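Single-structure report; data block below.
The values are calculated or read from the model by the stated rules, or taken from the named source; none is laboratory data. Treat the numbers as computed from the prediction; the structure is a model and nothing was measured. Cβ: placed from backbone, ideal geometry, glycine included. Neighbour counts: every protein chain shown. Note: accessible area is taken over every heavy atom of the protein model, side chains too, but ligands, DNA and RNA are not part of it. Shrake-Rupley method; radii C 1.70, N 1.55, O 1.52, S 1.80 Å.
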Amino acid sequence: LFGDDVILSANTVLTSTGAGSLGDITLGKTVNGAFTLTVNSGGTTSFLGTVGGTTPLASITTDGPGTTDINGATVNTTGIQLFGDDVVLSANSVLTSTGAGAGGNVTFSKTVNGAFTLTVNTAGTTSFLGAVGNTTPLASVTTNAAGNTDINGGVVNTSGIQLFSDDVILSANT
């Protein structure tokens, strides 16, 4: 548990080898710094504050096992955002990457759930590789006009609007 604001002064890897809740990594307040952040955990990785609000991170990556809880409303990077595990939205969330092309990709490798809004802004590709809203429909999903969106998870469920302002690629029956 990081209960204070976190400032990255170098590329950083946080790893917990614990299983389930013993593997939880919680960033309780803001996370800033123009460096990469990689979080490896079999538990829940929780972002409870704004990420990259003052100084956008270079990139953010979470690994495959476990869950990522986005509860801080905003994630800003200058490069990729790769969520390798299931994502739960615990607040209305805006994810923004200012990277160009593949350098700005925002990828959800597994499911995305939570009764909140999700907005993704990038000139790269927004990829939904798992089901969206399959256990808890999102309030809405919005992508910006730049870049494209790849829907590959078979389903996108929301209780409100779905606004894909960029080109949409269907990589699976949806």
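For P(r) over Cα pairs in 10 Å bins from 0, in percent, the candidate list reads [x] 11, 39, 38, 12, 1; [y] 11, 31, 36, 19, 3, 0; [z] 11, 42, 36, 10, 0; the entry that matches the value derived from this model is [z]. For the chain, which whole-number percentage of the solvent-accessible area (1.4 Å probe, protein heavy atoms only) is attributable to carbon and sulfur atoms? Carbon and sulfur atoms account for 55 percent of the accessible area of the chain.
Per residue, the solvent-accessible area of the stretch 1-118 (1.4 Å probe, heavy atoms of protein chains only, all protein chains present) comes to 39 Å². When each of the peptides 19-28, 56-65 is scored by the mean number of other C-beta atoms lying within 10 Å of its residues, the order from highest to lowest reads 56-65, 19-28.
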